[in-house]
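One structure is given below, encoded as structure tokens.
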Amino acid sequence: MDYFNLKDGALACEQVALETIAEEVGTPVYVYSAATLRRHARVMKEALAALDDPLIAFAVKANPNPAVLATLAREGLGGDIVSIGEYRRAREAGMPPSSILFSGVGKDADEMAEALAGDVLQFNMESVEEARMLSAVAVAAGRTARAAFRLNPDVDAGTHAKITTGNADNKFGIPAAQAIEAFRAARDLPGIEMTGVTVHIGSQLTRLDPLEKAFVRLGELVAALRGDGFDLKLADLGGGLGVPYGPGQPEPPSPEAYGAMVARVTRDWNIRLAFEPGRLISGNAGVLLSRVVRVKPGEHHPWVIVDAAMNDLMRPALYDAYHHVEAVRPSGARETINLVGPVCESGDTFATARETDRMAPGELMIFRTAGAYGAAMSSGYNSRPLTPEVLVDGDKWALVRRRIDLAEASAMPVPGWIDQTS
Ligand code: LLP
């Protein structure tokens, strides 16, 4: 459920008309609903209420906007981070280090040192090579790092190949057959305390059975490690639960069903559980608001050209992802269109032969479910500025990222040795 609804014939975010935001900020612009973010955080907490003190660490990569992170920090969510940039954002937003999990396959020594100095809860490591680097960093700093290894459970998550992470041929984690040896090797290293295990098999999962299979394998690893004398304190079950993207798209299981499955599978684990939801929290809390530039006749359907493009919302170009589109002030008329942006690539296509609200030049429209991996993955391709972001809370709203012209932000003089006279 979200708070983007029709009000007096036009879409509003909570109590703020999207037309007002477009008027004052310009388009394209991302608009987030604080009430929806809070609602999703609470739904997740309620779904996990049967567990003893679960840690919900928002996957910062899904939406690193400082105002979004601060809203979630007020709800008691921690952060799952994959870079020192995300670490700093999480800390600045008010997420305590004891709620921060450092994931990622390629953390470097500087990143490790800063996160260790900040005393993050756990480093989720992906190889013994990484453990050696963390050990050296910890010894140099005179500290002990709490760490886990990520299991690669070799299950098919049943999602898009580019967001599948738990297959044997993915770069992530350590295969079950090598996991105990890896834990033993890390136990022998100074400066590291092996406190946990973790698994994450992919994103936008619409079935529970692959997750259950992965968690069962993680439970077997927990038991085996305990038998080997490890004092484990945290089992991090990752993120990945899908969200509804709209009509005709696979319906994901409810957070309640997910919570019940987790409670059942982990009943005898006697360990604190952590979760890293990203999309589930912020996906349906955001829309991308755009304006139709022109409508060009097409061979089969008209080309509706909007001022948002693949650089603003990459998901359709990258994963053939579906985003539901609607007119901000629907007339009731419907039309089958091709929806595209202005970037000079045929991949800059949001929808092909889609029946949707009729959209005329100058009119506003939205892409739904754009609050996760939307602005976060945007770029300045075609020398387009980075899209601004707005947060709405009730009848209040604020610009929380301004429109950024990357050419201006990164301007350097052209080197004198380039002859610019000819
Ligand atoms: N934990 C780890 C270790 C992850 O790698 C991810 C996402 C998450 C948690 C959060 O997953 P979520 O709950 O959001 O599914 N750009 C893609 C999604 C990439 C996900 C990467 N890892 C997309 O737009 O669909």
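Things worth noting here:
- Residue in the range 94-127 that is nearest to Leu232 (Cα to Cα), counting only those that are surrounded by fewer than 17 Cβ atoms within 10 Å (Cβ to Cβ) and within 19 Å of the chain's Cα centre (by Cα): Val105
- For Arg146: the one exception among (1) surrounded by fewer than 22 Cβ atoms within 10 Å (Cβ to Cβ); (2) over 16 Å from Lys233 (Cα atoms): (2)
- A single entry from Arg384, Arg368 fulfils the requirement of being basic (Lys, Arg) and within 16 Å of the ligand (Cβ to nearest atom): Arg368.
- Within the range 261-283, being within 14 Å of the ligand (Cβ to nearest atom) and in contact with an Asp or Glu (Cβ under 6 Å, 6 or more places away or on another chain) holds for Ala274, Glu276.
- For the range 86-109, filtered to residues that are closer than 21 Å to Phe172 by Cα and assigned to a helix (DSSP H, G or I), the residue that is nearest to the ligand (Cβ to nearest atom) is Glu86.
- Whichever residue in the range 122-152 is out of contact with any Gly (no Cβ under 7 Å at 6 or more places or on another chain) and within 16 Å of the ligand (Cβ to nearest atom) and, among such residues, is nearest to Asp108 (Cα to Cα): Glu130
- The single residue among Asn311, Asn338, Asn382 that is of a type in the set (S, T, N, Q), over 21 Å from Ser33 (Cβ atoms) and surrounded by fewer than 16 Cβ atoms within 10 Å (Cβ to Cβ) turns out to be Asn382.
- Within the range 189-208, the set of residues being outside any strand (DSSP E or B), out of contact with any helix residue (DSSP H, G or I) (no Cβ under 9 Å at 6 or more places or on another chain) and of a type outside the set (Lys, Arg) comprises Thr206 only.
- Checking the stated criteria, Val343 turns out to be in the same structural domain as Asp393 (by TED's automatic domain parsing), out of contact with any His (no Cβ under 9 Å at 6 or more places or on another chain) and surrounded by fewer than 22 Cβ atoms within 10 Å (Cβ to Cβ).
- Residues of the range 21-55 that turn out to be under 29 Å from Arg384 (Cβ atoms), in contact (Cβ under 8 Å) with a residue 24 or more places away in the chain and in a helix (DSSP H, G or I), as a count: 6
- Of all residue pairs spaced 6 or more apart or on separate chains, those with beta-carbon atoms under 6 Å, a first member in the range 151-171 that is touching a residue at least 60 places away in the same chain (Cβ under 8 Å) and under 17 Å from Gly278 (Cα atoms) and a second member that is within 12 Å of the ligand (Cβ to nearest atom) and among the aliphatic types (A, V, I, L, M) are Ala157/Ile201; Ala157/Leu205; Thr159/Leu205.
- Among residues of the range 234-258, those that are surrounded by 15 or more Cβ atoms within 10 Å (Cβ to Cβ) and more than 20 Å from Val155 (Cβ to Cβ), counted: 6
- Residue match in the range 65-82 (condition: surrounded by fewer than 22 Cβ atoms within 10 Å (Cβ to Cβ), within 13 Å of the ligand (Cβ to nearest atom) and of a type outside the set (A, V, I, L, M, F, W, C)): no
The values are calculated or read from the model by the stated rules, or taken from the named source; none is laboratory data. This structure is a prediction, so every number in the text was calculated from the model and none was measured. No Cβ is skipped: glycine too gets one built from the backbone with ideal geometry, and neighbour counts run over all protein chains shown.
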